[in-house]
Amino acid sequence: MSMDDGARRVDNVGLSGGEGSPAHGMNSLGGSSFHEPMDRHTAETHLISDKRSERHAQGLVPWSTEQHVPDVGGLGWRTKTGHMLKNQSFYPQVTGNTWNNPTFAGVNTWKEFHGPRMRADAEMMERLDQFDGDREEWEAKKCFVNTTRVQTLDRFYNRKHERSQQETSSSWAPHIRAKREVHSSHETFDSTFGEKPSKELKKVFTETVLKGDREAIRNIASRMQNEETWKQVYKQMEQERRSDLRADLQQRQAHTDRLMLLSGQPLRPHHATRSTEVIDSERTHELAGHRELHKPIDVTVLSDFRGLIHADNPHAMEALFPGSGYEHSMEFRARATASCEPGWPAPARAETPPIAKKAQSRELQVRKEVSLSHLSVPASAYRLEAIGGRSHDEALVNHSMSQFLPTVAAPPPDQSASLLNEEWSPSATMRDRARVTGSFARTSTSSVAGSPSNESRPPPRRSMVYPMVAPTSPSAALRVANNGFLRAQAMH
């Protein structure tokens, strides 16, 4: 920025008796006046547009040097001699750093910083961004409160409905507990097959392993049939020996009576026709009869079959073959029990029942054939639209296991198919707004369409319980139909 002769100061300050003071230069303005280095124009022609849409589309606002200065808000005005004019812009009422005030900036600083900043209206963009951020944070907090409240109501009303069913039902399925909770001796590999998912069971229970397991059951049943046959033979031998002893005693008594008759001795009277009054009833005949040998309904419950897959892990078979694994295991065990019947010749060995490897799962059959019994929560439709996800019965029925035994809970589902517990805190919701749909639910931790990467938000958690579909009590007051079903919680 050039200055005239009257505005320049000498290099050395004059001493007493030397060169005059530089302040005396103000007495003369010189031969030329100060000229503005940049063209000024009125502030109304300094057009400003909202660059946020451009920033959202391109990711940035293009930068270029500013070649003009507005008369208001730009560089500070200067006097004819080039000094700063002490006007209202020189003494701003806003406190802050001086370098943020374009009045005190130089030409280069205006071209590269203050000018482009004013052209893009950076201050207003920052205020609008702060306003949008505050509004988004408030919406995230409101979503967190509404989601938590609705999920709490879903959980409470589900427990209420479940208790109403249990108080009228004669029996229900308790939670499945791990065997290792009973004794530490069950903390082995083969004691936890019922807890494993089908993906892991397929690695252990191969076709060869299952075939060998069935063959082991046949061999044990064959040995038990041989033992039972010999027990029956020994019992028959004891009965025949008893009959022989009685016949021999009767023969001896008859011979003694004959000798007494020949010797003239009086005979001892025999009351062969003597009878006593007996109460004739089924219970009397049952008590008078001999005790039958105990025959177990299922021979595979004996200690000889411990550790075998078909005998100890029916739930693992159900998880391995959904929809038919449990029936396959029980049918083979029934055939093994029938092959243990004593007799000669021995019964046929237990045949392998056919198994439908691609049978329809029980859960799909339940969803198609039955209706769900549930209660509605006291929440308005407007509030339900502004939440993230719910935990009501209609949402959980698609991820529930079907109970197929009256007093035993269903096996747990595969971990990859279990429903995830989402994090609905305000910070997590602000990072991923695509989840706020009112009915968001997923089983995979992969990113949702339209959501950012998983690195910017907390991961969901696997639940320690899983939903189970069970038949409703026929005498319950709250039921949909005779085949209505109820969802209950079961432990892993």
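Of the solvent-accessible surface of the stretch 31-152, computed with a 1.4 Å probe over protein heavy atoms with every protein chain present, carbon and sulfur atoms account for 55 percent. Each label point was placed 7 Å from the Cα along the Cα-to-Cβ direction; for Gln93 and Glu238 their separation is 11.6 nm.
Suppose R0 equals 45 Å. What FRET efficiency, 1/(1 + (r/R0)^6) with r the Cβ-Cβ distance, do Val182 and Thr152 give to the nearest 0.05?
Numbers: r = 34 Å, r/R0 = 0.76.
It comes out at approximately 0.85.
Test of understanding: extend the Cα→C-beta vector of Ser361 to 7 Å, then name every residue of the stretch 157-176 with backbone N under 20 Å from that spot. Taking a point 7 Å out along Cα→Cβ of Ser361, the residues of the stretch 157-176 whose backbone N falls under 20 Å are 176.
With each label modelled as a point 7 angstrom along the Cα→C-beta vector, the Ala216-Ile279 pair spans 5.2 nm.
From largest accessible area down, sort Ser281, Ser263; use a 1.4 Å probe on the protein chains. Working shown, then result.
Values: Ser281 40, Ser263 70 Å².
Putting Ser281, Ser263 in descending order of accessible area: Ser263, Ser281.
For Trp172, the accessible surface of its heavy atoms amounts to roughly 130 Å² (probe 1.4 Å, protein chains only, rounded to the nearest 10). For Phe113, the accessible area of its heavy atoms, probed at 1.4 Å with every protein chain present, is near 90 square angstrom.
Which FRET efficiency value, to the nearest 0.05, do you get for Lys141 and Leu60 by plugging their Cβ-Cβ distance into 1/(1 + (r/R0)^6) with R0 = 25 Å? FRET efficiency, Lys141 to Leu60: 0.25.
Heavy atoms only, probe 1.4 Å: what % of the accessible area of the stretch 177-284 goes to carbon and sulfur, would you let me know? Working shown, then result.
On the way: 4780 of 9110 Å².
It is 52 percent, rounded to a whole number.
In the complete set of protein chains, residue-level accessible area for Asp190 is approximately 80 Å², probe 1.4 angstrom.
In plain terms, the C-alpha convex hull of the stretch 223-328 casts an average shadow of 12.3 nm² when viewed from every direction. Report the Stokes-Einstein translational diffusion coefficient (µm² s⁻¹, integer) for the stretch 253-412, Rh taken as the Kirkwood radius over Cα pairs, at 4 °C with viscosity 1.567 mPa s. For the chosen part, D equals 56 µm²/s.
With all distinct Cα pairs included, what does the Kirkwood hydrodynamic radius of the stretch 152-300 come out to in Å, to one decimal, could you say? It would help to have the intermediate numbers written out before the result.
On the way: mean 1/r = 0.0406 Å⁻¹.
Its Kirkwood hydrodynamic radius stands at 24.7 Å.
Straight-line cross-link partners of Lys86 among the lysines, defined as a Cα under 26 Å from its Cα and at least 8 positions apart when in the same chain: Lys111.
With a 1.4 Å probe and all protein chains kept in place, how do Val469, Val72, Val370, Val182 rank by accessible area, largest first?
Of Val469, Val72, Val370, Val182, the descending order of accessible area is Val182, Val72, Val370, Val469.
Here the calculated FRET efficiency for Phe404 and Arg258, from their Cβ-Cβ distance with R0 = 60 Å, stands at 0.25, rounded to the nearest 0.05.
The values are calculated or read from the model by the stated rules, or taken from the named source; none is laboratory data. Just so it is clear, the model here is predicted, and its values are computed rather than measured. Cβ: placed from backbone, ideal geometry, glycine included. Neighbour counts: every protein chain shown. With ligands, DNA and RNA removed, areas are computed over all heavy atoms of the protein, side chains included. Shrake-Rupley method; radii C 1.70, N 1.55, O 1.52, S 1.80 Å.
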